[in-house]
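The values are calculated or read from the model by the stated rules, or taken from the named source; none is laboratory data. The model shown is predicted, which means the values in this text are computed figures rather than measured ones. Neighbour counts are summed over all protein chains in view; Cβ atoms, including those assigned to glycine, are modelled from backbone coordinates with ideal geometry.
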Amino acid sequence: MGDTTETKERGAAITEQQVFATCDSYFEQHKKEPSQQKIKELIGGSASTIGPLLRKWKEQRANEAQATLSMPDHIRDSGLTISATWWQSIQPTINDAISTAQEQADKKVRIAEQKVVDAITNQTWLEQENERLETDAENTLVAHKQQLDDLQVELEKSQLEIKRADACAVTEKEKFANITGERDVLKVQISQHNEDIKSVRESCKEQLEHASTEQKRLSVELSELKNKNSDLDKENKTSASLLSDLRAASAKVEGELASNKQQIATLNADIKAERTTHKKELALALNGKAKAEAQRELWQTTSNSVADKEKSGGE
């Protein structure tokens, strides 16, 4: 087999016998060992298949050369034909034993190397997974803190609206008794809202403590990472649901406050209009009373005059 040997289809499966035959032929023609690329050009195959077989061929060839060189000089150079024949007869057995031992040693070395590679790969994965979980835990803590800050701002807004509503209610308490009732209902709703916020705070605090405990245990409980990730996802969904409910409740409270303000403004306008109407009616009543007094006095004067005339005529 020479350099002009027709190259086989690339990627086809090759056997140990094909590789060994190619190597022997190439060595006989060129007096040097073939490279992995040269074998691939001649008979095809993949690097992962050719590499181990080429190493095996080189080891076997080295063992054969060593066995030949190791023959004692007095046997190789003397005319003791029987000893030389015996030595040559047992040489294949010795070479096979050496090759078998070498193959077993190489196999053990490859297994050990693969175990080292697997261990390193697994360690790298564990470190990356631990780093990712630490990052997720930190992001969760930041998100919970931001949620608490947002709830605190909403609480302060609600308290400010309560104070404003109380001030308006105190000012108009005697005139708007119905507003007091609505304000009491609003207080109950806000109290419930505050209780909900307090409950969420406690829940978030518990979740933060739980997340902190889980983070400390990550380094020694890597086998439970998937379950812990599932628990964290559930807690995040619960927190998101609670936050959505709180925002809805806050929006409802703000809407009720706006409605109450509108009702108060409407009542003030109605009272002002009613006062104006009463003033007009009172003015009209006073004007009518004055006219009636004038008419009564005029009638009294007329009556007195008529009576005086009648009295004078009778005399």
Next item on the list: State all residues of region 25-50 that are under 20 Å from Q102 (Cα atoms) and either β-branched (V, I, T) or surrounded by 14 or more Cβ atoms within 10 Å (Cβ to Cβ) (or both); if no residue qualifies, say none.
Entry: T49, I50
Margin query: Would you confirm, using the coordinates I've provided, whether Q207 is surrounded by 14 or more Cβ atoms within 10 Å (Cβ to Cβ), modelled with pLDDT under 80 and of a type outside the set (G, A, S)?
Written below: no
Check: Is there a residue in region 120-131 that is at pLDDT 75 or above, surrounded by 13 or more Cβ atoms within 10 Å (Cβ to Cβ), part of a helix (DSSP H, G or I) and aliphatic (A, V, I, L, M)?
Finding: no
Next item on the list: Return the only residue of K173, K205, K216 being without any contact (Cβ under 8 Å) to a residue 60 or more places away in the chain and part of a loop (DSSP other than H, G, I, E, B).
Entry: K173
Note to self: Can you list residue pairs whose Cβ atoms sit under 7 Å apart, with the first residue in region 235-253 being in the same structural domain as T140 (by TED's automatic domain parsing) and in a helix (DSSP H, G or I) and the second being modelled with pLDDT of 75 or more and of a type in the set (D, E)? Count only pairs 6 or more apart in sequence or on different chains.
What the structure shows: L246/D196; A249/D196; S250/E154
Note to self: I'm trying to understand the selection: among the residues of region 31-53, which are assigned to a helix (DSSP H, G or I) and not charged (D, E, K, R)?
What the structure shows: Q36, Q37, I39, L42, I43, A47, S48, T49, I50, G51, P52, L53
Checklist line | The listed residue being at pLDDT below 75, of a type in the set (V, I, T) and either in contact with a Pro (Cβ under 6 Å, 6 or more places away or on another chain) or more than 30 Å from I190 (Cα to Cα) (or both), out of I75, I50 | finding: I75
Notebook entry, point to check: Hey, L267 hits all of (1) surrounded by 13 or more Cβ atoms within 10 Å (Cβ to Cβ); (2) under 27 Å from D149 (Cβ atoms) but one; which does it fall short on?
Noted result: (2)
Check: Here is a list of conditions, (1) within 35 Å of the chain's Cα centre (by Cα); (2) surrounded by fewer than 11 Cβ atoms within 10 Å (Cβ to Cβ), and H144 meets all of them except one; can you say which number that is?
Finding: (2)
